[in-house]
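Worksheet for the structure shown next.
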Amino acid sequence: MKNDKPRIGILTGGGDCPGLNAVIRAVGKAAYHRGWHTLGIKGGYEGLLAPVQTMDLFYKEMGHLLVTGGTILGTSNKGRFSAKTGKGEVHRIPKKILEEAKRNFKKLDLQALVCVGGDGSLTIAQQLFEEGIPVVGVPKTIDNDLEATVITFGFDSAVHCATDALDRLHTTARSHNRVMVLEVMGRHAGWIAISAGISGGGDIILIPEIPFRYESICAKIRERTRNGKHFTLVVVAEGAKPAGGDIVARSGGADREVRLGGIGQLVSDEIEKRTGKETRVCVLGHLQRGGGPTSFDRLLCTRFGVRAVDLIANKRFGHMVALRPPDTVSVPITEAIGRLRTVPLDGDLVQTGRALGISFGD
Ligand code: F6P
């Protein structure tokens, strides 16, 4: 339904995560209080192409969104807008796709577009901005690997999920004197693995930033056994790899990033073979992306959404909201994309882990 109010659009791109709906709500509410109307673009960027798919976001329908997982707009991490196929590999979106998106943006009579997404989605947002669409970004990814913000939303909820899993694995590992391997997400960066690993009392944490050796992992397990600890919790990021080895991929395609998964099983098999200890593996997978956001993420999403509307009011297009505690700020989208923020090897998290005797398998 069209009316005379200024209109803004919002879309969610890439993999989903807890908090997308909370951002949609915050944008919709903040826009409403400025007298603007918000239009949701459905199915990620694809919704900007024929057949254009939209939904009106009316104020009275925002009620449940703060706590609801997923995205009411739907999303996509493949299709005609795929901008990334791997680490650092950026595709230019074909000119005719960008032009069609711009034409439809104009037909929808929108004044600005809020693009909520991670590295890939913000790379697309930047290309749309260069095409002349007034875009602002909101940084999302459970992997927390985006530059220019100290944290992305969705990450805290994923860490909470992985920590809860470790708490549960802890009791069963202890009861059976087993090694439990938990595989968590984290394609290029081990933020979830190291954060949940430390929060959940993990003994061995394997992250993409630190290639591991099986001898080192098994030495740690034997050391624990000598010290009377007959169980061990291992957390492994899906993108972790052995020194001199490669990531474990399930599938891939020329037009999209490879699908990771399986390193947990390999690590588990190798530990059992080398130590003789009974070992089990648990792959947490998309549980980390499902469900509602933690209170931290609810607050962050709300701050991000409100700030995104401020950016539109101030015509700071081509910018993204970011958290620089204690404030939310805005940064050019170009500062956030094209390079990934990984866990620093000399940073506080790794140091904290090492001081506790946690092995990183190196
Ligand atoms: O980038 C976020 C992420 O959760 C990665 O950790 C994971 O590799 C990927 O998405 C999985 O995406 P999907 O299964 O939705 O294609």
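Read the figures in this text as sums done on the coordinates, not as results from a lab. Just so it is clear, the structure is predicted and the values come from calculations on it, not from any experiment. Counting neighbours? That spans all protein chains shown, and the Cβs are built from the backbone with ideal geometry, glycine included.
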**OP:** Could you pull out every residue, at least 5 positions away or on a different chain, whose amide H is within less than 5 Å of the one on H37? Hs are placed 1.01 Å off N in the peptide plane, and Pro or chain starts have none.
**Re:** R7, I8
Original post:
Put +1 on the Cβ of each Lys and Arg and -1 on the Cβ of each Asp and Glu in the chain; which of H160, F105, V23 then has its Cα farthest toward the positive end of the dipole?
Top reply: F105
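May I ask you to list the chymotrypsin sites (Phe, Trp or Tyr not before Pro) in segment 2-108 that are in a DSSP loop and have at most 12 other Cβ atoms within 10 Å of their Cβ? Kindly include the intermediate steps, with their values, before the conclusion.
Numbers: sites: Y32, W36, Y45, F58, Y59, F81, F105; in loops: W36, F58, F81.
When the chymotrypsin sites (Phe, Trp or Tyr not before Pro) of segment 2-108 are filtered for loop state and at most 12 Cβ neighbours within 10 Å, F58 remain.
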Subject >> Whichever lysines have a C-alpha closer than 21 Å to that of K277, once near sequence neighbours (fewer than 8 apart) are set aside >> reply: K220, K229
Original post:
By how many nm would the segment from K106 to E215 lengthen if fully extended, with 0.36 nm per residue of separation less the alpha-carbon distance?
Top reply: 33.2 nm
Original post:
Across segment 185-196, in residue order, what do the Karplus-derived ³J(HN,Hα) couplings come to in whole Hz, using 6.51 cos²θ - 1.76 cosθ + 1.60 with θ = phi - 60° and x for Gly and Pro?
Top reply: 6, x, 6, 10, 10, x, 4, 5, 4, 6, 5, 5
Original post:
How many angstrom lie between the C-alpha centres of segment 29-87 and segment 337-362?
Top reply: 35
**OP:** Would you compute, from DSSP H runs of 4+ residues alone, the mean residue ellipticity of the chain at 222 nm, taking -39500 (n - 2.57) per run and dividing by the full residue count, rounded to the nearest 500?
**Re:** -11000 deg cm²/dmol
Original post:
Can you list the lysines whose alpha carbon sits under 25 Å from that of K106, skipping same-chain ones fewer than 8 residues off?
Top reply: K2, K5, K29, K42, K78, K95, K96, K315
**OP:** Treating only the Cβ atoms of Lys and Arg (+1) and Asp and Glu (-1) as charged, compute the dipole magnitude of segment 156-289 about its Cα centre; round to the nearest 20 debye.
**Re:** 420
Subject >> 0 to 90° range, to nearest 10: angle between helix 155-176 axis and the chain longest Cα axis >> reply: 20
Subject >> Distance (nanometres) between label positions extended 7 Å along Cα→Cβ at L287 and D327 >> reply: 4.1
Original post:
Which far-off residues, 5 or more places away or on another chain, put their amide H under 5 Å from the one on V114, with H placed in the peptide plane?
Top reply: G9, I10, L11, V136
Original post:
How far, in degrees from 0 to 90, does helix 295-313 lean away from the longest principal axis of the Cα atoms of the chain, to the nearest 10?
Top reply: 30
Original post:
Helix 263-275: angle to the longest alpha-carbon principal axis of the chain, degrees 0 to 90, nearest 10?
Top reply: 10
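Neighbour counts of other C-beta atoms within 10 Å: give me D348, D109 arranged from fewest to most.
Numbers: D348 8, D109 12.
Placing the least packed residue first, the sequence is D348, D109.
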**OP:** Among DSSP beta bridges whose residues both lie in the chain, state the antiparallel percentage, nearest 5.
**Re:** 35
Original post:
Å³ per residue of the Cα convex hull, for the chain?
Top reply: 125
**OP:** Work out the length of the dipole vector of segment 113-186 about its Cα centre, built from +1 on the beta-carbon of each Lys and Arg and -1 on the beta-carbon of each Asp and Glu, and round it to the nearest 20 debye.
**Re:** 480
**OP:** Please give the contour-minus-distance gain from L356 to T171: 0.36 nm per residue of separation, less the Cα-Cα distance, rounded to one decimal in nm.
**Re:** 64.6 nm
Original post:
For the charge dipole of segment 134-259, defined by +1 on Lys and Arg C-beta atoms and -1 on Asp and Glu C-beta atoms about the Cα centroid, which residue among G186, I207, C218 has the Cα displaced farthest towards the positive pole?
Top reply: C218
Original post:
Of P293, V309, H91, which is farthest along the charge dipole of the chain in the positive direction, counting Lys and Arg as +1 and Asp and Glu as -1 at C-beta?
Top reply: V309
Subject >> Whole-Hz couplings from phi, Karplus 6.51/-1.76/1.60, listed for segment 322-332; x for Gly and Pro >> reply: 8, 9, 10, x, x, 10, 8, 10, 10, 9, x
